[in-house]
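Here the structure is laid out as structure tokens; the discussion comes afterwards.
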Amino acid sequence: MKNIIELIKECKHHAFDLSFTRAREWKEEKEGRVLVGYMPIYFPREILHAAGAMPVGIFGGGDHKQIIKGDAYYQSYICHIPRSIIEIVLDKHLDHIDGFIFPSICDVIRNLSGIFKQQNIGKFVKYMDFPQNFLPEIGGVFYQQEMEHVLKYIKEINGKVPTTQELNHSINLYNKNRQMIEFIYNIRQEYPWRLSIEDVYCVIRAGTVIPIEEHNAILEQICEHIKEDIGTPQDKIKVVVSGAFCEQPSLGLIRAVEEAGCYVVDDDYMLGSRMILGDIDATTNKPLEAIALSYINQSQYSSSIYDVHNPKENRLAKIVKNRGADGVIFASASFCDPSLLDAPIFQNAFNKMGIRYIAFQYSENINQYKVIKEQVGTFSDSIKLWEDEPVTT
Ligand code: SF4
């Protein structure tokens, strides 16, 4: 077993490798292998794995990529992530990726898929609609058709149609992956000092750009390490971070929140890797249906899902309660419509429920956190000093 510092270093390297080197190596190791890039938030990676393809998460350039050409494609009043993705494309970092999937989140991602199509980037470009109807016979069937469409694209490249056994095998691998990530969050709920949120982030993000088998091997070792009583407790409050599900805050900002006095015991940074709560049934002879049903019945709340019968403010409040958190930090990417439109809904509900919160906006490439750090630090202090008084800002 490797030591934890080595493991984190390895994950950090993969997580921010904007050349997607491990994916390239994986493809070159065997003929017929296919790489499929997917944009945030969620995509059922199981089906790609079963079809002989490797899913590659594309989460923008963060503060690792200077935007020179990407700005020319977009007006100034939208979020930052599409510019950095275009910059990565124009710098030819995605040339080894065969096809691209754009899960429906917002108009920006839809338009980005249009640019990919217009510029003939990759062998296929699929804008993937997710069901907003949660009836299995309507939304569930629609979702299966969307997955079949993706599989058709891959078959056109490698000629492969995954069998039921292969799909169930892949579902099992991803079930295991989600179980171990959940184990890490459960340990951190009680002992957040054993692994910082910055390290958790790197470990999970690495899993979006390396083969699932390798990520599971890393997670197994991380889980073993954090069973031990490592690290030193500090006097910090516990918070849940919500709203940062697509354009990612820079690593420095993720670190700054904890440094300013808030242990992050739950978040939606890498929401896609945690979107399905619990296992997907890997024993049926209809695996695509099982994946569709898991999305309908077991998906995490998200600004990209409109489920009128399951209000997201109640779901977030439940997470806060279950994690024993003292408050919520709403962190939204600047100009992120889905996140910013949800914020007043959450905040009105939390005012009534007495859940304390603060809100700030960021851009993936900001690396000056002084103001945010002061805001987060004040939030932490106010809760520590006036614990019984509900505080909303
Ligand atoms: S950051 Fe928000 S607005 Fe921008 S692409 Fe993502 S979901 Fe859409």
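Structure data summary
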| quantity | calculated |
| --- | --- |
| Hits in the stretch 219-236 - residues which are more than 28 Å from SER380 (Cα to Cα) and not hydrophobic (A, V, I, L, M, F, W, C) | GLU220, GLN221, GLU224, HIS225 |
| Sole exception among (1) out of contact with any strand residue (DSSP E or B) (no Cβ under 9 Å at 6 or more places or on another chain); (2) assigned to a helix (DSSP H, G or I) for ARG110, by number | (1) |
| Condition check for GLN165: surrounded by fewer than 15 Cβ atoms within 10 Å (Cβ to Cβ) and not in a loop (DSSP other than H, G, I, E, B) | yes |
| Selection count, the stretch 111-137, where residues are buried (at least 16 other Cβ atoms within 10 Å of the Cβ), within 16 Å of the ligand (Cβ to nearest atom) and of a type in the set (D, E, K, R) | 0 |
| Of all residues in the stretch 307-337 being within 16 Å of the ligand (Cβ to nearest atom) and surrounded by fewer than 22 Cβ atoms within 10 Å (Cβ to Cβ), the one that is nearest to GLY261 (Cα to Cα) | SER334 |
| Evaluation of SER76 against (1) under 30 Å from SER294 (Cβ atoms); (2) among the polar types (S, T, N, Q); (3) within 15 Å of the ligand (Cβ to nearest atom); (4) in a loop (DSSP other than H, G, I, E, B) (one fails), failing number | (1) |
| Qualifying residue in the stretch 250-261 (condition: assigned to a helix (DSSP H, G or I), touching a strand residue (DSSP E or B) at 6+ places or on another chain (Cβ under 9 Å), at pLDDT 95 or above and of a type in the set (Ser, Thr, Tyr)) | no |
| Count - residues of the stretch 223-239 that are touching a Phe, Trp or Tyr at 6+ places or on another chain (Cβ under 9 Å) and either aromatic (Phe, Trp, Tyr) or buried (at least 17 other Cβ atoms within 10 Å of the Cβ) (or both) | 5 |
| Qualifying residues in the stretch 80-107 (those that are among the hydrophobic types (A, V, I, L, M, F, W, C) and assigned to a helix (DSSP H, G or I)) - the one farthest from the ligand (Cβ to nearest atom) | LEU90 |
| Counted residues, the stretch 236-252 - those being among the hydrophobic types (A, V, I, L, M, F, W, C) and more than 16 Å from the ligand (Cβ to nearest atom) | 4 |
| When residues of the stretch 11-21 are limited to those that are of a type outside the set (Val, Ile, Thr) and assigned to a helix (DSSP H, G or I), the one surrounded by the fewest Cβ atoms within 10 Å (Cβ to Cβ) | HIS13 |
| Residue selected from the stretch 58-73 under the condition β-branched (Val, Ile, Thr) and over 16 Å from SER250 (Cβ atoms), by the criterion nearest to the ligand (Cβ to nearest atom) | ILE58 |
| Pairs with Cβ under 6 Å, 6+ apart, first in the stretch 75-96 and without any contact (Cβ under 8 Å) to a residue 60 or more places away in the chain, second outside any loop (DSSP other than H, G, I, E, B) and within 11 Å of the ligand (Cβ to nearest atom) | PRO82/VAL108; PRO82/LEU112 |
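Every residue, every condition in (1) within 16 Å of the ligand (Cβ to nearest atom); (2) surrounded by fewer than 19 Cβ atoms within 10 Å (Cβ to Cβ), yes or no:
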residue: GLU6; (1), (2): no, yes
residue: LYS9; (1), (2): no, yes
residue: ARG24; (1), (2): no, yes
residue: GLU29; (1), (2): no, yes
residue: VAL36; (1), (2): no, no
residue: PRO40; (1), (2): yes, no
residue: ARG45; (1), (2): no, no
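The values are calculated or read from the model by the stated rules, or taken from the named source; none is laboratory data. Because the structure is predicted, anything quoted here is derived from the model rather than measured. Methodologically, a virtual Cβ is constructed for each residue, glycine included, from the backbone with ideal geometry; neighbour enumeration extends over all protein chains shown.
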